[in-house]
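One structure is given below, encoded as structure tokens.
The values are calculated or read from the model by the stated rules, or taken from the named source; none is laboratory data. Since this is a predicted model, take the numbers as computed values, not measurements. In this analysis, Cβ positions are derived from the backbone assuming ideal geometry, glycine residues included, and neighbour counts consider all displayed protein chains.
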Amino acid sequence: MTGNGMDTTRERLELRSRMSELAQIFPWIERLASRHAIPANTQFAMNLCLEEVLSNIIRHGYSGQAGHSIAVRFASPRKDYYIFSVEDEAPPFNPVEAPELPALNALDDTGVGGQGIRLLRRFADALEYQSTPTGNRLSIGFIAAGSATAKD
Amino acid sequence: MPISTEELNGGITRVILEGRLDIEGAAAVDMRMNVIAGTKTAVLVDLQKVSFLGSMGLRALVAPARAIKGRGGKIVLFGPNEMVEKVLKTSGVDAMIPIHHELQNAIAALQ
């Protein structure tokens, strides 16, 4: 483990429950992308989904309280497929089954809340949720953009 | 995240955003966007140099757009890249704020 919370050997990122910690996501994904030749559009989707998931855990799961941790593990079990596993110790929340609010529309005069889950579902290629004895584990899968099995 | 403005003919304000419109980027431009939203009535938001857009970034676009439209003004988005446009369309922002890829068309939509 290095001093900045990153273990590049096991490709794991350990974050504390502060929004400022999210600044580590982008450079981490850039390093992973460089090592695994991850296409730019897939990197974008990874950044988008991780920002959504991790910010939700910090703001809602941990209610903005400092002193908690979140572990993110990266794996590439086969060519052109990547999985991030996000583990927290927050109260149970299953984003795979959570209701999705409608997309915004021209007459909508409310906030933009609720779009995070919609974006997560559209930009990730696979989502799997498990409740753990101490919290939640969410696996987020991505197929390399441009590969034969990619969404777009 | 850098934000700059330039005044175009016809009372149009071009707001140029550059970089990552993520949580940090949104926080960096929020105040300036709110000032623009409170004072301008024809706003072209230039996204050509925006490399990333997350949901907090959406908020930084949608809230000023509502304020501008609420005062009877107009706002358009110009030149998002493929993935940024996908975020805008997935969330339905394109139904609230028109997206243009030709500058002439964006300007025409504000006149």
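Scoring A:Glu14 on the criteria (1) modelled with pLDDT under 95; (2) more than 10 Å from every other protein chain (Cβ to nearest Cβ); (3) crowded, with 16+ Cβ neighbours inside 10 Å leaves a single failure, condition (1). Filtered by the rule that a residue be in a helix (DSSP H, G or I) and more than 25 Å from A:Ala145 (Cα to Cα), region B:62-89 gives B:Val62, B:Ala63, B:Pro64, B:Ala65, B:Arg66, B:Ala67, B:Ile68, B:Lys69, B:Gly70.
Confirm whether B:Asn9 is over 29 Å from A:Glu52 (Cα atoms) and either more than 13 Å from chain A (Cβ to nearest Cβ) or out of contact with any Phe, Trp or Tyr (no Cβ under 9 Å at 6 or more places or on another chain) (or both).
Details: over 29 Å from A:Glu52 (Cα atoms): yes; either more than 13 Å from chain A (Cβ to nearest Cβ) or out of contact with any Phe, Trp or Tyr (no Cβ under 9 Å at 6 or more places or on another chain) (or both): yes.
Here the answer is yes, as B:Asn9 does meet what is asked.
The set of residues from region A:55-85 being closer than 23 Å to B:Ala26 by Cβ and of a type in the set (Ser, Thr, Tyr) comprises A:Ser55, A:Tyr62, A:Ser63.
Of a type in the set (Ser, Thr, Tyr), at pLDDT 95 or above and under 30 Å from A:Ala40 (Cβ atoms): which single residue out of B:Ser51, B:Ser91 fits that description?
On the way: B:Ser91 fails: at pLDDT 95 or above.
Checking each option against the conditions leaves just B:Ser51.
So if I check each of B:Val50, B:Val35, which one is over 26 Å from A:Glu100 (Cα atoms) and out of contact with any strand residue (DSSP E or B) (no Cβ under 9 Å at 6 or more places or on another chain)? Every option except B:Val35 fails the conditions. Among the residues of region B:1-59, those that are surrounded by fewer than 17 Cβ atoms within 10 Å (Cβ to Cβ) and among the small types (Gly, Ala, Ser) comprise B:Ser4, B:Gly10, B:Gly11, B:Gly19, B:Ala27, B:Gly38.
Just to check your reading of the model, which residue among A:Ser69, A:Ser76 is at pLDDT 95 or above, more than 21 Å from B:Phe52 (Cα to Cα) and under 16 Å from the mean Cα position of the chain (by Cα)?
Numbers: A:Ser76 fails: at pLDDT 95 or above.
Selected residue: A:Ser69, the only one of A:Ser69, A:Ser76 that is at pLDDT 95 or above, more than 21 Å from B:Phe52 (Cα to Cα) and under 16 Å from the mean Cα position of the chain (by Cα).
Of the residues that sit in region A:48-104 and are among the small types (Gly, Ala, Ser) and part of a helix (DSSP H, G or I), which one is nearest to the other protein chains (Cβ to nearest Cβ)? Even if it seems obvious, please write down each step before you answer.
Pass one, region A:48-104, residues among the small types (Gly, Ala, Ser): A:55, A:61, A:63-64, A:66-67, A:69, A:71, A:75-76, A:85, A:90, A:98, A:103.
From what is left, the residues that are part of a helix (DSSP H, G or I) are A:55, A:61.
Numbers: A:Ser55: 6, A:Gly61: 16 Å.
Result: A:Ser55.
For region A:40-53, the count of residues that are at pLDDT 95 or above and touching a His at 6+ places or on another chain (Cβ under 9 Å) is zero.
Looking for something among the charged types (D, E, K, R), in contact with a helix residue (DSSP H, G or I) (Cβ under 7 Å, 6 or more places away or on another chain) and over 24 Å from B:Gln104 (Cβ atoms) - is there at least one such residue anywhere in region B:25-39? Write out each step before concluding.
Filtering region B:25-39 down to residues among the charged types (D, E, K, R) leaves B:30, B:32.
Next, from what is left, pick out any that are in contact with a helix residue (DSSP H, G or I) (Cβ under 7 Å, 6 or more places away or on another chain): B:30.
Now restrict to residues that are over 24 Å from B:Gln104 (Cβ atoms): B:30.
Checked against the condition, which is being among the charged types (D, E, K, R), in contact with a helix residue (DSSP H, G or I) (Cβ under 7 Å, 6 or more places away or on another chain) and over 24 Å from B:Gln104 (Cβ atoms), region B:25-39 yields at least one hit.
You will find that of B:Gly25, B:Gly57, the residue that is within 14 Å of chain A (Cβ to nearest Cβ), closer than 21 Å to A:Ala45 by Cα, in a helix (DSSP H, G or I) and under 13 Å from the mean Cα position of the chain (by Cα) is B:Gly57 and no other.
Could you tell me whether B:Val76 is at the interface with another protein chain (Cβ under 8 Å from one of its Cβ atoms) and either among the hydrophobic types (A, V, I, L, M, F, W, C) or touching a His at 6+ places or on another chain (Cβ under 8 Å) (or both)?
Numbers: at the interface with another protein chain (Cβ under 8 Å from one of its Cβ atoms): no; either among the hydrophobic types (A, V, I, L, M, F, W, C) or touching a His at 6+ places or on another chain (Cβ under 8 Å) (or both): yes.
Here the answer is no, as B:Val76 does not meet what is asked.
Residues that are more than 14 Å from the chain's Cα centre (by Cα), part of a helix (DSSP H, G or I) and within 14 Å of chain A (Cβ to nearest Cβ) within region B:90-108 comprise B:Thr90, B:Ser91, listed in sequence order.
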